[in-house]
Amino acid sequence: MSVILVTGSYDHEIRFWEAWSGICSRTIARSGESGQVNRLAISPDKRLLAAAIHKKVYIYEITSASTPLTCLDAHTNNVTSVSFHSEGKWLVTGSEDGTIRIWDLRSTQVHRTYDNGAPGKFYPFFLNDVCVHPNQGELISCDQAGCIKQWDLSENLCSHELTPAGDVPIRSVSLASDGSCLVAGNNKGKCYVWKINEEKSDLPRYQAVTKFSAHKKYLTRVLLSPDVKYLATCSADTTVKIWSISQNYEFRQEKVLQGHQRWVWDCAFSADSAYLVTASSDHTARLWEMASGETVRQYNGHHKGETPPAAVCCALHDGAG
């Protein structure tokens, strides 16, 4: 499978698609099971799919049956993020229970837990997103309290903390593939950008370089392209905006991707940064050509009878396995 495209939905289904034909090639129906699919991640070798479903993470073999290989069960609230380590042996999850967990996929045990704050009534400590630094030695998280934190895997602690907009919740974070910059988006549609300097330099680790208003409504996802030339921002305003990035970290709006009828929740770039996949509350996912800003394929199939009816997450892996 050279191109793997997967979507997840509040209809509880996970669907695999033939990217160019738009045909659904396989469905994991999860009949009779509860819990919406929150996030999806494909392992670097294209062998495994991790699906965050309510409080649990299910690991599926991409080429085989619809029964999960294993279930990672330790979080006590919604799992909001899931990422593979570069070698595919570890999985990182973040949750509304206020914890980040690192899982050893060989033993399916929790290897380490980072506590972002007390769960339960302390709502601000909910984690909204977690990503792995390209150096594989650090994690970046963002939460409902408006904090962005760097967690060092070697020292087992939070080493840096940023609060760019006070207590306005940070919804999404994205790291450049070369580790050069960090972008965060908040609930008010604003984006914040930091240049990442070497720890050994005299400059601050995170050097604020710019901020801008990307959307007037709720922002759901920020994602830097693999070539670090573009930023995609998804929003409740039904659009995805594409921003070009200059060498001085100037962000200029290049295109507005219009076609979805409701909130756009998630997006994923192709390996060559030429295409973008998006998932929306209008039940569909779309494949966009970056050069033209046009939809080249639409993926229909998630059930419209569900409330809320939404395709809320997507994952794409078309690079080397």
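The values are calculated or read from the model by the stated rules, or taken from the named source; none is laboratory data. Because the structure is predicted, anything quoted here is derived from the model rather than measured. Neighbour counts run over all protein chains shown; Cβ positions are idealised from the backbone, glycine included. The accessibility values were calculated without ligands, DNA or RNA, using every heavy atom of the protein model including side chains. Shrake-Rupley method; radii C 1.70, N 1.55, O 1.52, S 1.80 Å.
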Taking springs between alpha-carbon atoms closer than 10 angstrom, which of GLY117, GLY189, GLY94 fluctuates most in the Gaussian network model of the chain? GLY117
Near LYS188, which lysines are there with a Cα under 28 Å away, not counting those fewer than 8 places off in the same chain? LYS55, LYS121, LYS149, LYS211, LYS216, LYS217, LYS229, LYS241, LYS255
If R0 = 35 Å, then ASN300 and VAL168, at their Cβ-Cβ distance, give a FRET efficiency to the nearest 0.05 of 0.50
Modelled label reach - VAL209, point 7 Å along Cα→Cβ, region 179-199 residues with backbone N closer than 13 Å: 179-184, 192-198
Linear extension gain, GLU61 paired with SER107, 0.36 nm per residue minus alpha-carbon span: 15.0 nm
Want the number for ALA271 to ASP45: 0.36 nm per residue separation, take away the alpha-carbon distance, what's left? 80.0 nm
Long-range amide H partners of SER95, meaning residues 5 or more apart or on another chain whose placed amide H is closer than 5 Å, are THR80, LEU127
Whole-percent carbon and sulfur share, accessible surface of region 215-274, 1.4 Å: 44
Whole Å is fine, so just give me how far the alpha carbon centre of region 1-22 lies from that of region 107-180. 28
Which log10 I(q)/I(0) values does the chain give at q = 0.08 Å⁻¹ under the Debye formula, counting every alpha carbon as one identical point scatterer? -0.32
Tell me, in nm to one decimal, what length is gained between GLN247 and ASP115 on full extension, where the rule is 0.36 nm per residue of separation less the Cα-Cα distance? 43.9 nm
Region 183-205 to region 47-69: how many Å between their Cα centroids? 33
Loop-only check: which GluC sites (Glu not before Pro) in region 194-275 are DSSP coil with at most 12 other Cβ within 10 angstrom? GLU198, GLU199
Order the peptides 151-160, 15-24 from the highest to the lowest mean number of other Cβ atoms within 10 Å of their residues. 15-24, 151-160
Distance in nm between pseudo-label sites at GLU289 and LYS217 (7 Å out along the Cβ direction from Cα): 2.8
Could you give the nm distance between label points at VAL3 and SER159, where each point is 7 Å from its Cα heading toward the beta carbon? 3.9
